[in-house]
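Working notes, beginning with the structure itself.
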Amino acid sequence: GENVEQHPSTLSVQEGDSAVIKCTYSDSASNYFPWYKQELGKRPQLIIDIRSNVGEKKDQRIAVTLNKTAKHFSLHITETQPEDSAVYFCAASYEYGNKLVFGAGTILRVKS
Amino acid sequence: DTAVSQTPKYLVTQMGNDKSIKCEQNLGHDTMYWYKQDSKKFLKIMFSYNNKELIINETVPNRFSPKSPDKAHLNLHINSLELGDSAVYFCASSPSTGGSYNSPLHFGNGTRLTVT
């Protein structure tokens, strides 16, 4: 079925530490994997995305890695700051790109 | 000049009522969506329209009826509201169908529906 599993559900880190969130997907045809950040009471916003022909992508303190064989992808945030505190969602494309299926979200808390 | 705007922001109503949520995008996108976010923050797609044509219709009760008068608008009408319909409903748009690298989703600010 169409499934995206995301772990952990909550993550607390000290300011300056790194945070890693992991997702797995079920459809080997999925070829697009975005990550969204949702601050409290606000809309989800795209922070980084990767397509299946790329293994890693970086944007300043944020990086995403993809292992297509294992159907895993991960979000890495380095030098975390209090403003990184939010809910993070991974997603994968299904039905030949007609829809995105989201993971259940990870609540990230950065303690200062 | 909000890119994806939806109204109302809050909607409080009683069980059994009928209500509508409106969504408009000014990005020139071809595809629009409704997502439901429940109390556990889970984001689930409900409907997707591409150029006014329904392309995704998940297992949503038929009390929910989307309508797209043109590709810039996608409204959601809900009949006979139930307690379990309480959630945040997000409208979104993308340049084309939303599962590709060149077609990221842009979300509206959400409508918090509370059914009492």
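Among the trypsin sites (Lys or Arg not before Pro) in the range B:32-90, those located in a DSSP loop and surrounded by at most 15 other Cβ atoms within 10 Å of their own Cβ are B:Lys40, B:Lys52, B:Arg63.
From the convex hull of the Cα coordinates of the protein assembly as shown, what is the mean projected area in square nanometres? If you can, show how the numbers build up before the last one.
Values: hull surface 49.5 nm².
Taking a quarter of the hull surface, the average projection is 12.4 nm².
With an 8 Å cut-off on Cα pairs and a minimum separation of 6 or more residues, tell me the relative contact order of the range A:25-82 in percent. If you can, show how the numbers build up before the last one.
On the way: 84 pairs, mean separation 14.9, N = 58.
Worked out over the range A:25-82, it gives 26 percent.
FYI, it's all coordinate maths here, none of it is from the lab. Keep in mind that what you see is a predicted model, and the values were worked out from it rather than measured. Virtual Cβ from ideal backbone geometry, glycine too; neighbours counted across all protein chains shown.
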